[in-house]
Amino acid sequence: MFETVLYSKKGAIANIVLNRPNEVNAFNVQMRDDLYQALEAVRDDPDVRVAIVSGAGDRGFCAGADLTEFGTAPSQVIARNVRWERDLWRLFQIAGKPLIAAVHGYVIGSGVEIACLCDLRIASEDAVFRMPETALGMVPAAGGTQTLPRVVGVGRALDVLLTGRQVPAPEAKRMGLVHRVLARDELMPEAQRLADVMASLDPDAVSAARTAIVEGMDLPLDQGLALERRLAARMPVSRQA
């Protein structure tokens, strides 16, 4: 269906697979466009309740931005307009369905940022996380400076972002970057199990709870509580606690 992303659906569960295995699924402009369309499909399909995001090949989930495209991208003005019109990172937030990142091997740069934009993150034992942008004289440009601190806390995020050091899977679990660490052959079965659990729940309740958490985190506590009350009030009385 897409050049750099595989998209499939079975029942209420969608599978999105980053598919540039020869480049360790390095994130390029085409992948941005393909991933955007795949997430639109998740958002717009009423039958889809959960999506799993993973990477093709044995070497890793995503090796970060494809640096071979540097110098070949459109002008800054055109690139900025494209980002405004096709804000992939915002679409992760407003997709309205739970997203599970199942990562393995190299999870670098954009790979970490994609994972952080998902709701649940599980990793294989061989997963290695790194944000190398500062070592390359760059600043993360796919939300890493904002999402990583929200996931692991400011202190841990500064450690990872400013040193560019590698974080093995066990440490990633301890710091809260991933929720579970599994053997490689257990990774996708566990992702499927989690997806099955969430797909079996009331989709309106799941969506409302997800919205309350994601949007409430950026609000003062009183406003977050008010958001929770508004969302709870929309549910049928029989479902309210």
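The values are calculated or read from the model by the stated rules, or taken from the named source; none is laboratory data. Given the structure is predicted, the values throughout are model-derived calculations rather than measurements. Cβ atoms come from the backbone with ideal geometry, glycine included; neighbour counts cover every protein chain shown. These area figures cover heavy atoms from the full protein model, side chains too; ligands, DNA and RNA do not enter into them. Shrake-Rupley method; radii C 1.70, N 1.55, O 1.52, S 1.80 Å.
Beta bridges from DSSP with both residues in the chain: antiparallel share about 30 percent, rounded to the nearest 5. The range 145-182 and the range 187-222 have Cα centres lying 21 Å from one another. If one takes the longest principal axis of the Cα atoms in the chain, at what angle in degrees, from 0 to 90 and to the nearest 10, does the Cα axis of helix 29-44 lie? Once rounded, the angle reads 10 degrees. Please compute the contact order of the chain in relative form: average sequence separation of alpha-carbon pairs under 8 Å and at least six residues apart, divided by the residue count, as a percent. Rounded, it is 17 percent for the chain.
Anisotropy class assigned to the chain is rounded, per the alpha carbon gyration tensor with a/c under the 1.5 cut-off. The accessible surface of the chain, taken with every protein chain in place and a 1.4 Å probe, is 54 percent carbon and sulfur.
Figure the gain on full extension for L6 and A209 (residue separation times 0.36 nm, minus the Cα-Cα span) and round it to one decimal in nm.
70.2 nm
Over the chain, accessible surface divided per residue gives 51 Å², non-protein components excluded, 1.4 Å probe.
Computed from the Cβ-Cβ distance with R0 of 30 Å, the FRET efficiency linking S200 to Q37 stands at 0.65.
Other residues whose C-beta falls under 12 angstrom from the C-beta of N22 contribute a net charge of -1, scoring Lys and Arg +1 and Asp and Glu -1. With θ taken as phi - 60° and the Karplus curve 6.51 cos²θ - 1.76 cosθ + 1.60 applied, the whole-hertz 3J(HN,Hα) list for the range 143-158 is x, x, 6, 9, 7, 4, x, 5, 8, 10, x, 5, x, 5, 5, 4 Hz, x standing for glycine and proline.
Residue separation of L162 and Q93 scaled by 0.36 nm, minus their Cα-Cα distance, works out to 22.3 nm of gained length. Between D218 and L67, the simple spin-label model (points 7 angstrom out along Cα→Cβ) gives 3.1 nm.
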